[in-house]
Amino acid sequence: ARRLADEGQWPRSCEATRGLSDPAGFQRAITVVAERLKGQAGAASDILRAVEAAQLLPFAQGVDFESALFEDRLRSPEAQAQRHIYAAERRAAGMPELAQGAARDMGRISLFGAGLGDVALLLLEGGKEVQSDAPDLPDGVARALTALVTQGKIDAATSAVRQARLQVGTEPADLVLDARGEEVEGAALAVPLDTGRGLAGAQLGLRLYRPAQSLRLAELAVSEAADPDDVASLARLWSGLGVTAVRAAQPAAGPGLGHVMMGALCLAGLEMVRRGMTPLRVDQAAQRLGFRAGPFLMMDVEGLPVVAARLRVVADWLECPAPGADDPLAERLAKGAVGRTVGRGFYDHPSEGPRPPKGMAGPGLDPGEVLGVVPPRHALHAALVGAAMQLLARGAVQRASDLDVLMVRGYGYDRARGGPLCAADQRGMLAILRDIKALAPMQSPLWQAQPMLLDMVKNGDGFFGRRAST
């Protein structure tokens, strides 16, 4: 390429004038795009500045300006965070059992239990033969495939091929995914499938983050008694389907890595509401922290009875009080407000979208009256960091970056921030420790300084070394 460039007679980009012949039109176009990007400070804004400079600067100075913008963007927290999560997703696939065991092909998979249409769609897309004991599953899958055809995402022939690989039955299979919590006899490998209550005590279990065909994220619960061949086979299966799988060591992980992290966020939010804040304010704080939706809306979507049962397990794992009879969660359940499925939980859910119920529509106490000098988003962040440190200290997770993968891919944390642990590194562990000390009057184990945090502050360290970039 260098030789061709040197020997040939090519037009040079510095001689190009296309797009510059109408200066007024050029500026109008710049103004239109600038209005669309108003308030943004990312790479798109830098590109616009470089394009605008093309009309204002000589070519050499324009190239220098573009290089300076690029170097600044490369060092920006946003760029570091995105490199971090990109690398973290690829590291997550590394499990010791892949070297220890021999992976088997799994072409025929049985689904036991109701409500597994999204799992079936994922498996069918990956070319697997699927059978189910749920008689209504084929109709649900057929409707979903028809919708994909209508949207132009697949053609009718592909839909027909996938439907032909789906059957109702309980014939022998390479793998059984069981959402019923019952023993499966005669299966080559039967794995319990988490339906929301967690996988505490499982020898080998699986949580697929739902909907499975869009999130493409799994958590493998692996105990010391698990056969390395089985673990390797499951890991290869999900990798082949384009699913990122994270290993959770049992019994250390308790109900599961994601459940512990999100449970800490929900318990912290419930404590803040119990002391006078509103669910809406807590959810807004979680969104400012980086989540697409806050814990109270997420609890409503999942269903409060399932969440309540799981939070009791998570609270026990975190060694903090479980939600009691005077807790906001118990109060909503007592009123029959069990979540979005019935139209009301912590929010009312009319067709136009969630809104606070009349009894919770006020502003509540000022956050300063509840948390002192600590902003609500920092209080939520401190609870997440504390839970992550406990998971790491107990050997429940292979690496800290796996938890960021779960938060970003499974719970809608902003990818541009890299995950809550990457954000903690960028903010600084000393700032986290100061928040926890300021929250001491709350007298909650959720906001206790973990030994790992104290060591990090002492050594000027973080989850990912002295900086979160990879």
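Per-structure values
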{"item": "Enumeration of residues in region 317-356 that are in contact (Cβ under 8 Å) with a residue 24 or more places away in the chain and not in a loop (DSSP other than H, G, I, E, B)", "result": "W317, L318, P328, L329, R332, L333, G339, R340, T341"}
{"item": "Matching option when the condition is more than 19 Å from K128 (Cβ to Cβ) and either hydrophobic (A, V, I, L, M, F, W, C) or in contact with a Cys (Cβ under 9 Å, 6 or more places away or on another chain) (or both), among A232, A221", "result": "A221"}
{"item": "Failed criterion for A235 (all others in (1) outside any helix (DSSP H, G or I); (2) hydrophobic (A, V, I, L, M, F, W, C); (3) farther than 19 Å from L311 by Cα hold)", "result": "(1)"}
{"item": "Residue in region 377-395 that is small (G, A, S), in contact (Cβ under 8 Å) with a residue 60 or more places away in the chain and surrounded by fewer than 19 Cβ atoms within 10 Å (Cβ to Cβ) present", "result": "yes"}
{"item": "Enumerated helices (runs of 4 or more DSSP H) restricted to region 117-186, each holding at least 1 residues that are touching a residue at least 24 places away in the same chain (Cβ under 8 Å) and under 26 Å from the mean Cα position of the chain (by Cα)", "result": "117-125, 137-150"}
{"item": "Candidate set: region 338-368, residues that are among the small types (G, A, S) and surrounded by 19 or more Cβ atoms within 10 Å (Cβ to Cβ); chosen: the one farthest from A308 (Cα to Cα)", "result": "G364"}
{"item": "Candidates E185, E224 - the one that is surrounded by fewer than 24 Cβ atoms within 10 Å (Cβ to Cβ), out of contact with any helix residue (DSSP H, G or I) (no Cβ under 8 Å at 6 or more places or on another chain) and either modelled with pLDDT under 95 or under 30 Å from H378 (Cβ atoms) (or both)", "result": "E185"}
{"item": "Those residues of region 240-270 which are small (G, A, S) and in contact with a strand residue (DSSP E or B) (Cβ under 7 Å, 6 or more places away or on another chain), in sequence order", "result": "A245, A248, A249, A253, G256, G258"}
{"item": "Test: A309 is touching a strand residue (DSSP E or B) at 6+ places or on another chain (Cβ under 8 Å) and either surrounded by fewer than 23 Cβ atoms within 10 Å (Cβ to Cβ) or under 16 Å from H259 (Cβ atoms) (or both)", "result": "no"}
{"item": "Within region 436-449, tally of residues that are surrounded by 22 or more Cβ atoms within 10 Å (Cβ to Cβ) and either assigned to a helix (DSSP H, G or I) or modelled with pLDDT under 95 (or both)", "result": "3"}
{"item": "In region 357-385, the residues that are within 24 Å of the chain's Cα centre (by Cα), of a type outside the set (G, A, S) and assigned to a helix (DSSP H, G or I)", "result": "P376, R377, H378, L380, H381, L384, V385"}
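The values are calculated or read from the model by the stated rules, or taken from the named source; none is laboratory data. Since the structure is predicted, the reported quantities are computational estimates derived from the model, not experimental observations. Note: ideal-geometry Cβ built from the backbone for every residue, glycine included; neighbour counts use all protein chains shown.
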